[in-house]
1. Confirm whether residue B:60 is within 16 Å of the chain's Cα centre (by Cα), at pLDDT 95 or above and assigned to a helix (DSSP H, G or I).
2. Tell me the residue from A:225, A:204, A:231 that is part of a loop (DSSP other than H, G, I, E, B) and at pLDDT 80 or above, please.
3. Hey, can you tell me all the residues within region A:170-195 that are over 23 Å from residue A:46 (Cβ atoms) and modelled with pLDDT under 80?
4. Condition test on residue A:64, is it modelled with pLDDT of 85 or more, crowded, with 20+ Cβ neighbours inside 10 Å and under 17 Å from the mean Cα position of the chain (by Cα)?
5. Only residues that are under 12 Å from residue B:34 (Cβ atoms) and at the interface with chain A (Cβ under 7 Å from one of its Cβ atoms): list them for region B:67-81, please.
6. Given the conditions (1) at the interface with another protein chain (Cβ under 7 Å from one of its Cβ atoms); (2) at pLDDT below 75; (3) surrounded by 14 or more Cβ atoms within 10 Å (Cβ to Cβ), report the number of the one that residue A:87 does not fulfil.
7. Quick one: which residue in A:32, A:5 is in a loop (DSSP other than H, G, I, E, B), crowded, with 17+ Cβ neighbours inside 10 Å and at pLDDT below 90?
8. When only residues in region B:44-65 that are within 7 Å of chain A (Cβ to nearest Cβ) and free of Cβ contacts under 8 Å to residues at least 40 places away in the same chain count, which is surrounded by the most Cβ atoms within 10 Å (Cβ to Cβ)?
């Protein structure tokens, strides 16, 4: 059951629009869900398609009967908003107008940086704001930079295929999605981190074609994984680069961007 | 149905759109207005997906706090505000279902809280009728079985594995059915956009 998703008898190509549909419907779980979010942050087409499905599915919710929440729900919302507004104000005393304005500027910056869609900003914010234990007084931008996930897209030649790599600093986990790739039975592809400081490449392992895999990175790797770090993909014999031999040809590259 | 007058659908939508714009501009008081107008619908959604009042209320809180944090995400030129908020609420509830320990499932009717008489704008805030008709038409064009599974995913937050189990078919089969269904659904919806 864990075999490649695109088996011939499937009859359906699991392309990006399909994954967006599965996501909108709520079918994605675990690593695939994480990978889809990361992808939406860097791929406007994908983010657009997710929104497209959301828009179309939305009217279905009219069939769901409404329900009245308890009174304490609004009180909770008001309290959380007030707390966060206060935290932001105390963290940014120079801001001309508190909270919302500063926050909006931050969102705009993100959008500008990565050419993000609003959906992408949403992901970034969702991840940021769900970061646990934020206490008042900590400067949001710095913390934000620390918590914001980093994403890299590694397009493979002209094929339209690509790797989607998402790194979540807090968890030291990296998710590598190679959904469109297929194994040729002769080669494997190995992913390498190229540190921004010019130190030697570090292997991130062999890519699993057609799969989304998550891995915990050792501290030696995460220390080098900052903005500007890039990735290369090399073609290797099955199993990856043999010990003591040079790495194979570089078939694709990409760079990390914070979202 | 109602004895007293209610805002028309257009008025309600405009009022909500306006409140969203004010919230995006930093007007915190707009949040309460949005909450009053939409809580019943959005709570219905989170309750349906999560199947637990406490969880659904927590999810609802997240929805509005998040909305306040990033009100400018909403693009008024796209979806109607209530459609956007509905998708947003459902997505948050599903996220909770997927990441948490919540068991989830459809809510038995008797568990749903009674609606207050004020029922703020609830009826007036139905999503665009034309768009609703189209998605129902396209869904209706699928075979009954596939339609049922897609609906179960949408309304009950079921995963592929859960759907496969309840239908007693292999996981791969369920994936194929649903993906084929989604592919046809997309073609049907795109055809309607083109015409």
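The values are calculated or read from the model by the stated rules, or taken from the named source; none is laboratory data. Because the structure is a prediction, the values reported are computed rather than measured. Note that we place each Cβ from the backbone using ideal geometry, even for glycine, and neighbour counts take in every protein chain shown.
1. The answer is yes for residue B:60.
2. Testing whether each residue is part of a loop (DSSP other than H, G, I, E, B) and at pLDDT 80 or above leaves just A:225.
3. A:170, A:172, A:183, A:184, A:185, A:186
4. no
5. Answer for region B:67-81, where residues must be under 12 Å from residue B:34 (Cβ atoms) and at the interface with chain A (Cβ under 7 Å from one of its Cβ atoms): just B:68.
6. (1)
7. A:5
8. So the residue we want is B:60.
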